[in-house]
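Reading through the structure tokens given below for one structure.
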Amino acid sequence: MVVSKSDLKKFFTSIQSEFDVFVPYETEREVDNLVIKKFDPEKEYVLEKYRTVDPVRTLYYFPSESVLPPSPKDKKRIIAGVKNCDLMGLAVLDDALLKDNFVEPNYSQWRKNSYIISCDCTDALSTCHCVLLDNNPYPIKTDDGDALFDINLSPVNNGYIIKVGSRKGEELLQKIKEVCSLKEVTVQDKETREAQRAEVRKKVMDINADFTPDRNYDVISENKEPSVWKEFCVECVQCGACTNICPTCYCLILNDESTKEEFKKVRSWDSCQLAGYAEVAGGGTPREYKWETFRNRYQCKHNFMKFNFDKLGCTGCGRCISCCPAEIDLREVIQSLQEV
Amino acid sequence: MSDKNPYDVLKADVLEVIEESPTIKSFYLKPEKPFEFATGQFIELSLPGIGEAPFTPSSSHYEKEKMWVTIMNAGFVTNEIHKVKKGDVMGIRGPYGRGYPLDVFKGKDVLLLGGGVGLAPLRCLLQTMLHDVDDYKSITVCFGARTPADMIYKDQIDDWTKYKTVAHLCTVDNCKEADNWNGRTGVVTVLLDDITIDPKDAIAVVCGPPIMMKFGTFALLDKGFKASNIYLSMEKKMYCGFGQCRHCVMGKYYACKDGPVFTYEEIKNEEKIWD
Ligand SMILES: Cc1cc2nc3c(=O)[nH]c(=O)nc-3n(C[C@H](O)[C@H](O)[C@H](O)COP(=O)(O)OP(=O)(O)OC[C@H]3O[C@@H](n4cnc5c(N)ncnc54)[C@H](O)[C@@H]3O)c2cc1C
Ligand code: SF4
Ligand code: SF4
């Protein structure tokens, strides 16, 4: 099915009483300028282009919130314009926060209450490198089970091809049909989609021409040479920006805010890049030096999470590169390690 | 997916507080409903409005109505916990983690090697094993402390050694003449010179300060214990207790959910396990 751009906006406008709708808007910055916000019918949003500045994780896992009792989440949400690198991030968070017998109460509620309308990328930033991680700048639904999106949109002249990825997507499609007049997908639409996907993929490949796509991540843990790592992190100021902005980071601290009447626990984001992260009473810590702390993020993303979840903890979104005040490029670090 | 909130807290009344040593106190708690756990597992104990920290119950896991927790004053939260009095209210959540595999221990010689407040989980294990004492070939308790005044659970030794298969050895790092100490002096590993069990198939369970765990493990290996028979209770920084805060990650493993009890064989290749 194909929905026209104007119809889709009509749908978002009409559904607001039932759903909180979130969409990306452009800011004044020239590049890397998409910010996800509450839908405003008066403004023009952007579903395509590239990823937003903040990962979609921030809508599921707040910087600070009560987990006991869980914070209320009554209203359903539609989150639109989500890119594949963020969907892959949610896949990691699902493994981390919903598996075993321990289900994170807030995250699981948001996952249930939120409907994701993803979109193919139509452009890429200089930091984008999903292709190095075997990901694509567009999501695909495999045959086994639900996709990570409920609906995916592929831009075709003045509209979008709708691909349903889950039961929730079916539900959403019914609601879209109530407001929009959908057209059948033509052969030409399909060709446009494929050509555009190939083009963006090539663009991301070209951006990353200096980096080897077949990377060996074991070298991160294998390389314990302080001088090598010290060189990488000379300028790191341990600000933690790289972890706070990552779609797969979820480290937390808990604060007890109980009163005599009620037990209350508040969870806030933490960062393995901050001093004292793993320090125990008495001052012992497994990572005494800055290079060890710096290396831990690389190990966590590429070695530990791979072991824990059977998937890499890096989706190639490039945010940690864009935000680093020291201009440290994780691609370069990994590339250098290949060549040591 | 379970609907239970993993952060749920049970109210626990403080029934009694005992001063075990100048820095260690034991708290007798009565949770609002019976609390099931397996020896070696831990709880998150909170002092309302102050904070929360992980501890191992120090009483038998057969005792479900009430539990002892033995706590060293080591910093901010534990210092506040040390001010808790009989009649106060605390919070318990858990149990978390993988405890001691008693089925593996059964029929074998079991050696408990502990120091300082590390005796807390070992007391839990010991009390639990004493419940079925005939199931174990023998139990050798080797406890160490800095000085005689720091040695906790002294008054319970007779209760333990009344069983003919249970032996108790202890040492202090140093003592003064006035202490009237008639045990050994020296670090806890000196006690290994005195043990009579055959290390080949014996189980060793180690808990204590990191440095003691490290040298204790090496001494046991020297003595002939197998790495796969040495059980360590790992203490790492933890918040959640169930694998979501990631602070306790030791390479591939979470100390909280894959442990806190590991064999040395399992973790010997991970980096910085002793720090
Ligand atoms: C599985 C396990 C079992 C244990 N069993 C026992 C036991 O049976 N008995 C025992 O005595 N000890 C036990 N411990 C050790 C005990 O948990 C620590 O001694 C305790 O956490 C120290 O906390 P503290 O706040 O007093 O120390 P601190 O040194 O003040 O804090 C320790 C760390 O926690 C951080 N921290 C402290 N307060 C807060 C706060 N409010 N918010 C955020 N961060 C904070 C600090 O930054 C520091 O890095 C166990 C530990 C583990 C992991
Ligand atoms: S963003 Fe850059 S400077 Fe900040 S902690 Fe990460 S690597 Fe270091
Ligand atoms: S490590 Fe960097 S590039 Fe990889 S997912 Fe996290 S923020 Fe994106």
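Couple of notes before you dig in:
- Within chain A, DSSP assigns beta bridges of which about 70% are antiparallel (rounded to the nearest 5).
- For chain A, the Cys residues with no second cysteine's beta carbon closer than 4.7 Å are A:Cys119, A:Cys121, A:Cys128, A:Cys130, A:Cys180, A:Cys239, A:Cys251, A:Cys272, A:Cys300, A:Cys314, A:Cys323, A:Cys324.
- R0 of 30 Å, Cβ-Cβ distance B:Glu63-B:Glu19: FRET efficiency to nearest 0.05: 0.90
- Per-selection Kirkwood Rh - region A:218-339 (Cα, Å, 1 d.p.): 15.7 Å
- Applying 1/(1 + (r/R0)^6) with R0 = 25 Å to the Cβ-Cβ distance of A:Thr13 and A:Asn157 gives a FRET efficiency near 0.65.
- Of all DSSP beta bridges in the protein assembly as shown, antiparallel share, percent nearest 5: 60 percent
- Most positive-pole-ward Cα, A:Phe232, A:Ala278, A:Pro247, against dipole of region A:181-340 from beta carbon charges: A:Pro247
- Label-to-label distance, B:Lys164 versus B:Lys214, with points set 7 angstrom from Cα along the beta-carbon direction: 4.3 nm.
- Leading residue at positive end of dipole, region B:1-139 (Cβ point charges), from B:Tyr28, B:Ala38, B:Gly75: B:Gly75
- For the listed residue pairs A:Lys37/A:Lys83; A:Lys5/A:Lys43; B:Lys83/B:Lys176, the alpha carbons are over 20 angstrom apart in B:Lys83/B:Lys176.
- Hits among lysines - C-alpha to C-alpha of B:Lys64 under 23 Å, sequence gap 8 or more where chains match: B:Lys4, B:Lys11, B:Lys25, B:Lys30, B:Lys33, B:Lys85, B:Lys86, B:Lys106, B:Lys257
- A simple spin-label model places the labels of B:Asp134 and B:Lys85 4.7 nm from each other, with each point 7 Å out along Cα-to-Cβ.
- Each Lys or Arg adds one and each Asp or Glu subtracts one; over the other residues with Cβ under 12 Å from the Cβ of B:Lys66, this totals -2.
- DSSP-loop trypsin sites (Lys or Arg not before Pro) across region A:17-48, with at most 12 other Cβ within 10 angstrom: A:Arg29, A:Lys43
- Sites A:Asn223 and A:Asn113, calculated FRET efficiency, Cβ-Cβ separation with R0 35 Å, nearest 0.05: 0.20
- Among the trypsin sites (Lys or Arg not before Pro) in region A:116-209, those located in a DSSP loop and surrounded by at most 16 other Cβ atoms within 10 Å of their own Cβ are A:Lys141.
- Rounded to the nearest 20 debye, dipole of chain B from Cβ charges on Lys, Arg, Asp, Glu: 380 debye
- Pairs of alpha carbons in the protein assembly as shown whose separation is greater than 45 Å (percent): 29 percent
- Cα→Cβ-extended label distance, 7 Å offset, between A:Lys43 and A:Thr27, nm: 1.1 nm
- Residue-count net charge about B:Gly115 - beta-carbon cut-off 12 Å; Lys, Arg +1, Asp, Glu -1: 0
- Under 15 Å from B:Lys236, Cα to Cα: aspartates and glutamates that are on another chain or at least 8 residues apart: A:Glu279, A:Glu288, B:Glu44, B:Glu52, B:Asp258, B:Glu270, B:Glu271, B:Asp275
Each reported figure results from applying straightforward, stated rules to the coordinates on display, with no laboratory input. All values derive from a computational prediction rather than experimental measurement. A quick note on method: Cβ atoms are made from the backbone with ideal geometry, for glycine too, and the neighbour counts reach across all protein chains shown.
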